[in-house]
Amino acid sequence: MSEGITLEAAAAPRPRSVISEGRGVRWLLTGIAILFLALFLVLPLLTVFAQALARGWAAYFEAFAEPDARSAIRLTLTVAAISVPFNLVFGVAAAWAIAKFEFPGKSLLITLIDLPFSVSPVVSGMIYVLVFGSQGLFGAFFIEHGIQIIFAVPGIVLATIFVTFPFIARELIPLMQEQGTAEEEAALTLGASGWHAFRTVTLPNIRWGLLYSVLLCNARAMGEFGAVSVVSGHIRGLTNTLPLHVEILYNEYNFVGAFAVASLLAGLALVTLVIKSVLEWRYAGDLAAGGRH
Amino acid sequence: MVATPPRRFHFRRPSVIPGFGLTFGYALTCLSLVVLLPLAALVARASGLGLSGIWDVARDPRVASALRLSFGVSLLAALTASVFGFVVAWVLTRYDFPGRRIVDAAVDLPFALPTAVAGIALASLYAPNGLVGAQLAKVGIQAAYTPIGIFIAMVFIGLPFAVRTVQPLIAEIDKEVEEASATLGAKRLLTLTRVVLPPLIPAVLTGFALAFARGVGEYGSIIFIAGNLPFVSEIAPLLIVIKLSEFDYAGAAAIATIMLGISFLTLLVINLIQAWSRRRFGYV
Amino acid sequence: MFDKTNDKLRRAVRCSDRIVVAHPPAPTFPEDDTMQMPVTRAARPVHRIRSLLLAACLAPALGLASPVLAETALLNVSYDPTRELYREVNAAFAEEWKAKTGEAITVRASHGGSGSQARTVIDGVDADVVTLGIPSDIDAIVKLTKKIPADWRDKQPNQGLPYTSTVVFLVRKGNPKGVKDWNDLGKPDVKVITPNPKTSAGGRWNFLAAWGYAYNQDKDVEKANAFVGQIYKNVPILDTGARGSTVTFAQRGLGDVLPTWENEAFLVLQEFGADKFDIVVPPTSIYAEPPVALVDANVDRKGTRKAAEAYLAFLYTDKAQAIFAKHRYRPLKREAADKADLAFLPDVKLFKIEDLQGNWDDIQKKNFDNGGLFDQLSKAGR
C-alpha cells in the first residue's frame, strides 16, 4: 500500500515536459478533437435551434399552441413518469441483489440486463407487437377482455421501459459493488432494520449516481423514437409522443414546427447534460468514490 | 479496507444483509416479463421458419446486402468513432484549454438527444443543399442519402461510447510509469505506444464493440439521412420495418433474430475482452 | 452510461487505497438504537429526489384527466398524403353530426405509409374506418384478420371509392430535363425520386403507372418489365412513404422528377412555392384508387357502427365531395365540386391496372410480394 505517495504525486505539480506531448502536437490534437466534435455534435444541435427559429419566435411558439403538440407533450410526460420510476425500482433492486450478494450466474444476469442496450430499437418495438398484437401470443386474450396494449399507452410504456431498462441498473451495480457491504453490515449489526440501513446508508452513498442515471434514463425515455414508432399506431392526439410528433410535423412540410418541437427535446438533452456536469463538478469527490468519471 | 472498529463478525457474511430474496426475485421477475418473454416470443416466431428457413432469409440477396451494409458501415463507423474518440478522450483528460468542460459535456449529447431529432438535423446539415453538404458537394462528395450518410449517423451515435469507455482509464494512468519511461530515455512516442497505450487497448475495444452494437441496430437517426435504396443504402432495421409493412412477420422476426444473435455475440466479445484484460493486465 | 461496463478495468487502475480515502466514514450507530438514525448531510438531497419523482408522477396524472371526455370518437386510419384532406373532412363531419344528432364527435386520424398503416390495423389498432392508398392493403387486412368482410368493395358506393386520383410529374421550374411523358423517366440522365413500392401506396401506383404505360405501347409484358427496371435504375433514393419522397425532392433538392399523387403535387406547389416547381401532366396515366372501408369487427366491439357508417356515407355527400376537389383529389361527383377546383384537374387518359393485370390479388403478388417484379428488378439492377 502506498497511499501517502500516491496522494502526494497526484497533488504535486506535473512536470509536463516529460509526460506530455510537445506543444505543437497538443494543439494539433486539441484542434482535431474540437473540430471533430463541432462537426458531428455541435453543428447538428445548432441546426435544430437555427431551423426552429428560422421564422422568428412567433412561429416557434405556434408549434406548441397546437392541441396535438400539447397532447404529445402530455403523453411523453406520462410515459416517462411511469417508465422511469419502474426502472428506478428495478435498478435499485437488481443492483442490491447483484452488488451485495454472491451467487452463481451473476454475470449471465448482468449480460441479460445489458441486452436491451444492443437490441435494435425497431426490434424492441416489434417484440411487443409479437406478444400483444392481435396476431401475437396473448393478443387474442387481451382483445377478448377489451384491453388495448399495443397502439395505446401501455404498449408505448412497455417499449420505453424495455429500451431504458439497463440505464439505472447498470449505473448502480458497479457503484454499489465498489462500495462493498461493510457499511450496511455495520448498520445492521448496530441494530438497524434492513430497510432502514438501505435508506440511511446505501441511498446516501449512491444518491448522485442514482440521480444521474435517472436523468439519463428520463432523457432517453422521452426521446425514444424507433421502438415507440413501431408500437404507437401514430394516432394524432392519442398515441403520438414528442419524437413521433416531430416526424409528423416534418412529414407535413411544417419544418419550423418540427424543429421547434425537436428543440424542446434537444433542450431537455442540454438540461440533462448541464445538471450532469454540475453534479460532476460539485460532487467530484463523491462521484469519484462511486467510480464516476 | 474500511477502517472499522474491531468486529466479532466475519468480514463477509452474506446472511447479515437482508433482502436478497426480495430484490433478486423482483429483479428477475421484471427481467423475465420485460425482456426475456418478449424476446422469447420473437425467437419462437422466427423458429417457425426452422433454422434452414432463417438461413434462407439471411441468404436472400436483399437481406444479405442489408445485413452486410449495416455491419460493414457500423464497423467502419465504430472504428472512426474509436480513433477520434480516443483523441477526444485524450485531449479532454490530458490537456487544459478554455471551454474544456463544455466540450466534455457535449460528448454525451448523442446519449440524450432523441435519435429522430438527430436524424433530421443531420439530414438537413449534410444534404447537398445543407450547410456541410454544400461544401462536400463542391468537392464532388454526396454525403446524405448514400452510405456515407449512414456512416455519419453511426459515428454520431457511437462517439460517446468510444470516448466514455476510454476517458476514465486515461485519467487514471499512473503518471509515475510515464515518468519512469521518460527518465529511462524513451522518447514520448515510444512511451505512448509501449507504455501508455497497451493497458488502454481493452477499453478501446470495449468502446468499439459498444459503438458497433449500437450502430448496427440504429434506426431513427439513419432513415432520415440514408437513401434507403435496396442493395445500396438500405439498412437491416429498415428492412425489418419493411417486412412488417409487407405483413411478413416471420421474415421480420428472422432478420430480428439474426441481429439479436449478433448483439449477443457482441456482448459476449465485450465480456471476453474484459476477461482477457484481467488476465493480461492483472485487473480485478 | 456505458462506461460502466468496464468499471472493473477502471477499478483496477485506481489504487485500492484511494477508495478508502474517498469513502465517507461509516456512520456510527448507538448500540441500542433501533430506528433513530443520525440525519447525515446526505439524507436531504435524497429527499429532494423523492419529491421530484413524486411531482413527476403527479403532473401528468392531472394533465391526463382533461382529454378523456365522454364523447364518441372515431378513428380513421389513413395513408400518408391525406393529412390535410381529412383534417378538413373530419371537422366538417363533426359539425354535421352535431347538427343532426346534437352529439359531439371527434374523428381522429392516423397517417403513414399505407402498408404500415394496414399493418397497425392487423396488429390491433382500433380503427373504425380505413381509408388507404391502394385496395390491396385493405385486402391484406381482410386476409389476415377477417376484421373486414371480403366483400368490402360492395358495401360502399363506387367500389369504396369516394374519390380517385392519378399520378402526375413534379419537376423543377422550367422543366430543365424536358420531362413530358413516362418514357422520359427512363432516360439515363434523369434522376427520379419515388417512394419504396413495398411500403408506400403512392410508390406502388407510380410503379404500376409506369408499367401500364409501357405495356400499352406494344402489349409486351417483357418490354414493360424492362422499362420499369430502366426507371428504377434512375432512382437514387427510395423513401418509405410518399411524404418522405416529397421532402427529399422539394426540401433537399434532389432529383429531376417526382412522380406523385396529383393532390400531393399541388400541395407541394402550395407549401414550397409555385415559383420553384412545375407540374407536368403526362398524356396517359393510371386510374389510382384509394379505397375506404368500414372495419366491422372494431365498430361492433366499440359500439360505434352508427357513427362510423355515417362517417363513410358523409364522404359521398356533396359537402365532402367539394372538399376532395378543393384538395385536388378527383371527386366521384364532379357536379358537387367548385368549378374553379375542377379546372385544376385536367383530362388525362386514365387506364385501370386491373384491365391489364387482372385482380388485385394477382397485381400485388406479381409485382410487390417477396420475389415479385420489384424484387427481381432491384436484384437485376445491381
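A short reminder: the numbers here are calculations on the coordinates, not readings from a lab. Note that the structure is a prediction, hence the values are computed from the model and not measured. Positions of Cβ are generated from backbone atoms using ideal geometry, with glycine treated the same way; all protein chains shown enter the neighbour counts.
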Item to check | Projected-area mean, segment A:179-293, by convex hull of Cα positions, square nanometres | outcome: 10.1
Next on the checklist: Please list, ordered by chain and number, the residues whose modelled amide H lies under 5 Å from the amide H of C:LYS191; skip anything fewer than 5 residues away on the same chain.
Outcome noted: C:ASP256, C:VAL257
Checklist outcome for this item: Partner aspartates and glutamates whose C-alpha sits under 16 Å from that of C:LYS223, ignoring same-chain residues fewer than 8 away, are C:ASP184
Checklist entry - Measuring from centroid to centroid over Cα atoms, what is the spacing of segment B:32-67 and segment B:114-145 in Å? => result 34
Item to check | Kirkwood estimate for segment B:38-281, i.e. one over the average of 1/r between Cα atoms, Å | outcome: 19.8
Next on the checklist: Please compute the contact order of chain A in relative form: average sequence separation of alpha-carbon pairs under 8 Å and at least six residues apart, divided by the residue count, as a percent.
Outcome noted: 29
Checklist outcome for this item: In the structure shown, of A:LYS276/B:LYS187; C:LYS233/C:LYS349; C:LYS143/C:LYS177; C:LYS146/C:LYS352, the pairs separated by more than 32 angstrom at the C-alpha atoms are A:LYS276/B:LYS187; C:LYS143/C:LYS177
Next on the checklist: What does the charge count around C:ALA310 come to, taking other residues whose C-beta lies under 10 Å from its C-beta (Lys +1, Arg +1, Asp -1, Glu -1)?
Outcome noted: +1
Item to check | In sequence order, calculated HN-Hα J values of segment A:208-222 (Karplus, 6.51, -1.76, 1.60; Hz; x Gly/Pro) | outcome: 6, x, 5, 4, 4, 5, 5, 4, 5, 4, 5, 4, 5, 4, 6
Checklist outcome for this item: Expressed in Å to one decimal, the Kirkwood Rh of segment A:218-280 from all distinct alpha-carbon pairs is 12.5
Checklist entry - What list of ³J(HN,Hα) couplings, whole Hz, do you get for segment C:254-264 from phi and the Karplus terms 6.51, -1.76, 1.60, once you set θ to phi - 60° and write x for glycine and proline? => result 9, x, 9, 9, 10, x, 7, 3, 4, 4, 5
Checklist entry - What are the extents of the Cα atoms of segment B:99-192 along their three principal axes, listed from largest to smallest and rounded to whole Å? => result 55, 32, 25
Item to check | Links that overshoot a 32 Å alpha carbon limit, given the list C:LYS147/C:LYS180; C:LYS198/C:LYS319; C:LYS98/C:LYS302 | outcome: C:LYS147/C:LYS180; C:LYS198/C:LYS319
Next on the checklist: Taking only complete DSSP H runs, can you tell me which helices of chain B stretch 24 Å or more along their own long axis by Cα positions and average at least 0.0 on the Kyte-Doolittle scale?
Outcome noted: B:61-94, B:147-171, B:197-217, B:249-281
Next on the checklist: Checking the cross-link filter: which lysines have an alpha carbon closer than 29 Å to that of A:LYS106, excluding same-chain neighbours under 8 positions apart?
Outcome noted: C:LYS4, C:LYS8
Checklist outcome for this item: For B:LYS138, counting only lysines whose alpha-carbon sits under 21 Å away and dropping same-chain residues fewer than eight positions off, the answer is C:LYS191
Checklist entry - Taking springs between alpha-carbon atoms closer than 10 angstrom, which of A:ARG236, A:ARG199, A:ARG70 fluctuates most in the Gaussian network model of chain A? => result A:ARG199
Checklist entry - Using modelled amide H (1.01 Å from N, peptide plane; none on Pro or chain starts), what sits under 5 Å from the amide H of C:PHE277, excluding residues fewer than 5 places away? => result C:LYS173
Checklist entry - For segment A:103-112, what does the Karplus curve 6.51 cos²θ - 1.76 cosθ + 1.60, with θ = phi - 60°, yield as ³J(HN,Hα) per residue in whole Hz, taken in order and with x for Gly and Pro? => result 8, x, x, 5, 5, 5, 4, 4, 4, 5
Checklist outcome for this item: Percent relative contact order for segment A:163-293, counting Cα pairs under 8 Å at least six residues apart, stands at 30
Checklist outcome for this item: Cα-based Debye curve of segment A:75-233 sampled at q = 0.09, 0.14, 0.18 Å⁻¹ gives log₁₀ I(q)/I(0) of -0.36, -0.76, -1.03
Item to check | A:LEU39, B:LEU265 arranged by Cβ crowding within 10 Å, fewest neighbours leading | outcome: B:LEU265, A:LEU39
Checklist entry - If you average the sequence gap of Cα pairs under 8 Å that are 6 or more apart and divide by the length of segment C:163-289, what percent do you get for the contact order? => result 47
Checklist outcome for this item: Rounded to the nearest whole number, the per residue volume of the convex hull around the C-alpha atoms of chain A in Å³ is 206
Checklist entry - Which of B:ARG214, B:ARG279 comes first, and how do the rest follow, when ranked by fewest Cβ neighbours within 10 Å? => result B:ARG279, B:ARG214
Checklist outcome for this item: In Å, the Kirkwood hydrodynamic radius from C-alpha pairs for segment C:278-330 sits at 13.7
Next on the checklist: What are the extents of the Cα atoms of the protein assembly as shown along their three principal axes, in Å, largest first?
Outcome noted: 97, 63, 59
Next on the checklist: At a 10 Å Cβ-Cβ cut-off, how would you order A:LEU203, B:LEU42, fewest neighbours first?
Outcome noted: A:LEU203, B:LEU42
